[in-house]
Amino acid sequence: MAEPAASVLHAALACRCPRCGKGALFRNLLEVRDSCEVCGLDLRANDAGDGAIVGVILVLGAIVVALAFWVEFHFAPPLWVHAVLWPLVTIPLAILLMRPAKAALVALQFRHRASEMGL
Ligand SMILES: [Zn+2]
């Protein structure tokens, strides 16, 4: 019998347990808990590791590079403005995107039972 699962969208956006949808997924900023504090699901078995960063790098990189070109061609600021501006934009956005991206991968792995296949 299949275990009930919270919706992938809810688990991803709220950063919650993929089974019950209630327990917090992360121990701190980006580290997945060992188990769900509400339903006891072993979250280590569903940890997506560094998988989410690839998608975040590709999406955020494309957006930030496009913005950097736009700023350069419209305002032609001195180089130090780019050096200060883009890390201030990129680092918070990367962290902001990493949490739901990682939560989505954990939820998808739980739903499709990747851990049982030894992946
Ligand atoms: Zn749970």
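None of the figures in this text is laboratory data; all of them are computed from the coordinates on show. Please read these numbers as outputs of a predicted model, since none were measured by experiment. So basically every Cβ, Gly included, is an ideal-geometry build from the backbone, and we count neighbours across all protein chains shown.
With the convex hull drawn around the C-alpha atoms of the range 8-117, the volume per residue stands at 97 Å³. Loop-located trypsin sites (Lys or Arg not before Pro) across the range 1-47 with a Cβ neighbour count of 12 or fewer within 10 Å are ARG27, with loop assigned by DSSP.
Top mean-square fluctuation among LEU108, LEU85, LEU96, Gaussian network model of the chain, C-alpha springs under 10 Å? Result for the chain, Cα springs under 10 Å: LEU85 fluctuates most. Helix 79-112 and the longest principal axis of the C-alpha atoms of the chain enclose an angle of approximately 20°.
Can you pull out the GluC sites (Glu not before Pro) in the range 1-91 whose DSSP state is coil and whose Cβ has at most 16 other Cβ atoms within 10 Å?
On the way: sites: GLU31, GLU37, GLU72; in loops: GLU31, GLU37.
Answer in residue order: GLU31, GLU37.
Across the range 8-117, C-alpha contacts under 8 Å between residues 6 or more apart give a mean separation that, scaled by the residue count, equals a relative contact order of 39 percent. Annotation: the residues LEU79, LEU105, LEU30, sorted from fewest to most other C-beta atoms within 10 Å of their own C-beta, follow the order LEU79, LEU30, LEU105.
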